[in-house]
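Below is one structure, written out as structure tokens; the observations come after it.
The values are calculated or read from the model by the stated rules, or taken from the named source; none is laboratory data. Note that the structure is predicted; figures quoted are calculated from it, not measured. Cβ placement follows ideal geometry from the backbone for every residue including glycine, while neighbour counts extend to all protein chains displayed. Ligands, DNA and RNA are excluded from the accessible area calculation, which covers all protein heavy atoms including side chains. Shrake-Rupley method; radii C 1.70, N 1.55, O 1.52, S 1.80 Å.
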Amino acid sequence: MQRVLIGTAAILLAAGTGLVVEVAAKPDPAPAGPVAAYLKPVPMGAAVPAAEEPISIDVPINGTIYPPDLIPPQFAWRDNTPAVTVWRIEILFGEKARSIEVWSAGEKMQIGPIDETLTGYVPPTLTPEQAADHTWRPDSKTWDEIKKRSVSQPAKIVITGFVSRQAVEPLSRAEATISTSSDPVGAPIFYRDVPLIPPDPDTEQRGVIKPLPDSVLPKIKWQLRYVNQTESKVVMTNLPTCGNCHSFSRDGRTMGIDVDGPANDKGLFALVPIHKVSTISNDYLLRWSSFSEEHSQKRFGFMSQVSPDGKYVVNSIDVPHAHGTRVLDRLYNGFYENYGFGQVFYPTRGVLAWYSKETGKLQPLPGADDPNYVQTSAFWTVDGKYLIYSRATARDPYPPGYKRSTYANDPNETQIQYDLYKIPFNDGKGGTPERIVGASENGMSNNFPKVSPDGKWIIFVQCKNGLLMRPDSKLYIVPFEGGKARPLESNLPLMNSWHTFNPNGHWLAFSSKSPSLYTHLYLTHIDDQGHASPPVVVENATAANRAVNIPEFVNLGPEGLDHIDTPAIDFYREFDVAQQLQDAHKYADAVPAWKVAAEKDPTDARPWNNMGVALAASGKTSDAITAYDKSLALNSDSSQTHNNLGSALAEAGRFDEAMTQIEKAIALDPDNGAAHINLGHLLEVTGHRQEAIDQLTQGIQIAPKNADGHNIYGVILAREGKIDEAIVELQKAVALSPGNAECRYNLGRAYAASNRFPEALPQFEAAAKLTRNREPAILQMLAAMYSETGNYPQAIAVTQQAIEIADKQQNTDLATALRANLARYEHQAEVAPAAHN
């Protein structure tokens, strides 16, 4: 949340009370902007039949292989013959075998259930192909028969259209073959079920992975899905923090999961034994920051993975002994309006490290600890002997001349192409890294490698830049020893990643943003030659306005996990309580709530920062400065907190100190638009107008939806006599923040300066209403507009009200001016009737 309180300088006619303040995300974000054409939902990639065949079978795709333990799937087809009203569906099993025949009215495809508890999401829609689809789902008995009889040889699905069931001649026809594998999926899939709602742009920070607003985090669900069941089971939810990147030991008895905390700093990791009822308690919680060296930055763990035996964890950390290296100096992240690809993140510096549960130590892995490279995203072989990881030449995430990227795969993104390497673990002694031929030096970024249980294959993500969830991500397969890599036949048009092998190695689960940007979960069969079958969607994995990511097979039986309790997250619950009070502008209640959160975890800087925001909003500037100082003592690299401290110092009239703090904020994060806007405001206040304009325009370019930037810039333009340009900026400010009295007032003044009194009047009326008619300066201008538009009685009444308030405030000069205005309005009221006679 950010706000501008401009109290350090007059804005046209003294208005306002401070600078831009930053805190956690607002609770009800607005829907994202329009979807770029290349990111719009796409068809599933089914083979298109010949032009003379009016039926197109979308599901199943020809050649689909189904698991023997899958629930009945929904079939879907399009028929371009208008006269067809009914379809005959035949399943043929061979020349002499008895076929199955059913008739279907072909119900139209529908959007799935919606999570009505969410707000601010983009409503899901069907693709044109889906909207034209007719559907049929076999009952359980029929489906079991189909599966049983299509194991030894494929079955043929024939869909034929008729004008009625009594008709003899068909009007349309198409067919596809399917088969059923003898390999069961068996194990359940543990996955994260998430809303896709971009965070408030004002909360974005370099080095902070924040794909969701804080208010949405408790709505994330961790689900467990057996493919022989129609629904998933929620095993964990209502966490006020962002848990992610979970992994499991080979026997399914140990889970590791990154627990970000409110700052999303990747500072916590839970290593939990799995029982029917599992518990994330403090006994199982690791704080990577506790392993940081003296005088170094907080330790950052990225994509941590539990070893197959559950004894170790491998992750990517900052380079040892590189004192002063901050997270934002080793992690690139970009924030985008598109809800399907709202954030990109990937490390550009770092080494591999391993943690031993037995010794409690975290240490670099020799051979994967070269500071000249970034070594990241390591995954174990099933026997635990090797790690496969991504490596590239180390670089600055934001090099000199960097321009902010605005969409996924924007050329302005810092470019990095990873190569895959393998290295022996060797009980933590490491060894010599070996480049994997076929997954390296190919001009692409090779990442997220998963090794098949038999050790024969590596399936990895390949994309143009970065890793994982990119629009162009495709799954590739290469022999473990290296060789020719090729794309999996199961790839869908948009984003294929987050893949995982089941225990027998013949089924791969993965996520894709086809046919919708709301990510879906799929299965594909991998044969002994490494070929993949067409994808099979895992239906009903989540609501239509939510997404599935990070699927991981867990080697559990049918009753292996019921739910996961999270008592170690108490601090984050207190944080969430305070945040909700702050979002509701209940600052007096928020301050003690932040104190409780700060006492729960004295090492976390966020409660003190947010307490400062609440104190500043309550007019307790001195106390706010103290709170910000305490926050910075815990984390001196927070661009937001330096900016907030600068705002409070400016409010206290300590302009030089304020300037220093805001300049630090910009040095830490040049993309902090609010800090640029604050610096511009301060430069204007201290008489450096051109520099002020430079900073304001830069801030507006970074944060075009920041109403305060447009407001302040509009005021400066008005002061320079550029009234028309000022009006344009102030109109933008009001459109972005219609409930801001200051923006309304300033736009009214600009209209009045252009003699556009009828347009100025509603702005002053709104400003007066928003300030509960308690600001005499606003009432003065409102009365003037009533006079200019001929409403003298109202001008008199409003002026009398303003005089009463000015007298109570002992504002003698304003009261004197108002009495002179009152006399003029009374005279105008007297002569007005005579002028009309």
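Give the number of residues within segment 467-481 that are among the aromatic types (Phe, Trp, Tyr), in a loop (DSSP other than H, G, I, E, B) and open to solvent by 40 Å² or more (accessible area, probe 1.4 Å).
In the first step, residues of segment 467-481 are kept if they are among the aromatic types (Phe, Trp, Tyr); the result is 476, 480.
Within this subset, residues satisfying the condition of being in a loop (DSSP other than H, G, I, E, B) are 480.
Now drop any that are not open to solvent by 40 Å² or more (accessible area, probe 1.4 Å), which leaves none.
The number of residues fulfilling the criteria is 0.
Could you pull out the residue among 597, 617, 590, 584 that is crowded, with 17+ Cβ neighbours inside 10 Å, over 19 Å from residue 653 (Cα atoms) and modelled with pLDDT under 95?
597
Identify all residues within segment 389-444 that are surrounded by 17 or more Cβ atoms within 10 Å (Cβ to Cβ) and touching a helix residue (DSSP H, G or I) at 6+ places or on another chain (Cβ under 8 Å); write none if there are none.
Selection gives 397, 398, 407, 408.
Can we say residue 135 is surrounded by fewer than 20 Cβ atoms within 10 Å (Cβ to Cβ), among the polar types (S, T, N, Q) and not in a strand (DSSP E or B)?
Spelling it out, it is not the case that residue 135 is surrounded by fewer than 20 Cβ atoms within 10 Å (Cβ to Cβ), among the polar types (S, T, N, Q) and not in a strand (DSSP E or B).
Can you name every one of the helices (runs of 4 or more DSSP H) wholly within segment 585-671 that holds 1 or more residues which are in contact with a Phe, Trp or Tyr (Cβ under 8 Å, 6 or more places away or on another chain)?
Numbers: elements: 587-600, 606-617, 621-634, 639-651, 655-668.
Where helices (runs of 4 or more DSSP H) fall fully within segment 585-671 and carry at least 1 residues being in contact with a Phe, Trp or Tyr (Cβ under 8 Å, 6 or more places away or on another chain), they are 587-600, 606-617, 621-634, 639-651.
Quick one: which residue in 588, 605 is in contact (Cβ under 8 Å) with a residue 60 or more places away in the chain and of a type in the set (A, V, I, L, M)?
Residue meeting the stated conditions: 605.
Restricting to segment 147-158, count the residues that are crowded, with 17+ Cβ neighbours inside 10 Å and out of contact with any Asp or Glu (no Cβ under 7 Å at 6 or more places or on another chain).
Going through segment 147-158 one residue at a time, the tally reaches 5.
Give the residue, chosen from 517, 521, 561, 508, that is in a loop (DSSP other than H, G, I, E, B), under 16 Å from residue 473 (Cβ atoms) and among the aliphatic types (A, V, I, L, M).
That would be 517, the only listed residue that is in a loop (DSSP other than H, G, I, E, B), under 16 Å from residue 473 (Cβ atoms) and among the aliphatic types (A, V, I, L, M).
Does segment 355-388 hold any residues that are crowded, with 24+ Cβ neighbours inside 10 Å and more than 20 Å from residue 419 (Cα to Cα), and which are they?
355
Exactly one condition in (1) modelled with pLDDT of 95 or more; (2) on the phi > 0 side of the Ramachandran plot; (3) small (Gly, Ala, Ser) is false for residue 120; which is it?
Exception for residue 120: condition (1).
With respect to the numbered conditions (1) modelled with pLDDT of 95 or more; (2) of a type outside the set (Ser, Thr, Tyr); (3) open to solvent by 10 Å² or more (accessible area, probe 1.4 Å); (4) under 27 Å from residue 340 (Cβ atoms), which one is the sole condition not fulfilled by residue 488?
(3)
Residues being without any contact (Cβ under 8 Å) to a residue 60 or more places away in the chain and either outside any strand (DSSP E or B) or in contact with a Lys or Arg (Cβ under 8 Å, 6 or more places away or on another chain) (or both): count how many of those fall in segment 335-360.
Within segment 335-360, residues that are without any contact (Cβ under 8 Å) to a residue 60 or more places away in the chain and either outside any strand (DSSP E or B) or in contact with a Lys or Arg (Cβ under 8 Å, 6 or more places away or on another chain) (or both) number 6.
Please work out which one of (1) in contact with a Lys or Arg (Cβ under 7 Å, 6 or more places away or on another chain); (2) at pLDDT 85 or above; (3) more than 24 Å from residue 435 (Cα to Cα) is the condition residue 379 fails and give its number.
(3)
How many of the residues making up segment 335-372 are more than 30 Å from the chain's Cα centre (by Cα) and at pLDDT below 90?
Result for segment 335-372: 0.
Would you mention how many residues in segment 764-792 are open to solvent by 20 Å² or more (accessible area, probe 1.4 Å) and within 19 Å of residue 710 (Cβ to Cβ)?
Qualifying residue count for the region: 2.
Residue by residue, here is whether (1) within 39 Å of the chain's Cα centre (by Cα); (2) surrounded by 18 or more Cβ atoms within 10 Å (Cβ to Cβ); (3) under 30 Å from residue 219 (Cβ atoms) holds:
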site: 56; (1), (2), (3): yes, yes, no
site: 83; (1), (2), (3): no, no, no
site: 125; (1), (2), (3): yes, no, yes
site: 166; (1), (2), (3): no, no, no
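Taking the condition in contact with a strand residue (DSSP E or B) (Cβ under 8 Å, 6 or more places away or on another chain) and more than 20 Å from residue 249 (Cα to Cα), does residue 372 pass?
Working: in contact with a strand residue (DSSP E or B) (Cβ under 8 Å, 6 or more places away or on another chain): yes; more than 20 Å from residue 249 (Cα to Cα): yes.
In short, yes.
Could you grab me the full set of residues in segment 303-334 that are of a type in the set (A, V, I, L, M, F, W, C), at pLDDT below 85 and either farther than 30 Å from residue 513 by Cα or surrounded by fewer than 24 Cβ atoms within 10 Å (Cβ to Cβ) (or both)?
Across segment 303-334, the qualifying residues are 319, 322, 328.
Residue 103 versus (1) outside any loop (DSSP other than H, G, I, E, B); (2) surrounded by fewer than 16 Cβ atoms within 10 Å (Cβ to Cβ); (3) under 39 Å from the mean Cα position of the chain (by Cα); (4) not charged (D, E, K, R): which is the lone unmet condition?
Looking at each condition in turn, residue 103 falls short on (3).
For residue 228, work out the one condition from (1) surrounded by 22 or more Cβ atoms within 10 Å (Cβ to Cβ); (2) assigned to a loop (DSSP other than H, G, I, E, B); (3) modelled with pLDDT of 95 or more it doesn't fulfil.
With respect to (1) surrounded by 22 or more Cβ atoms within 10 Å (Cβ to Cβ); (2) assigned to a loop (DSSP other than H, G, I, E, B); (3) modelled with pLDDT of 95 or more, residue 228 is out only on (1).
Being of a type in the set (S, T, N, Q), buried (at least 17 other Cβ atoms within 10 Å of the Cβ), part of a strand (DSSP E or B) and in contact with a Phe, Trp or Tyr (Cβ under 9 Å, 6 or more places away or on another chain): is that true of residue 549 here?
Yes, satisfied.
Just to be sure before I move on: is residue 72 assigned to a loop (DSSP other than H, G, I, E, B), within 27 Å of residue 526 (Cα to Cα), open to solvent by 40 Å² or more (accessible area, probe 1.4 Å) and touching a Lys or Arg at 6+ places or on another chain (Cβ under 8 Å) in the structure I sent?
So residue 72 fails the test.
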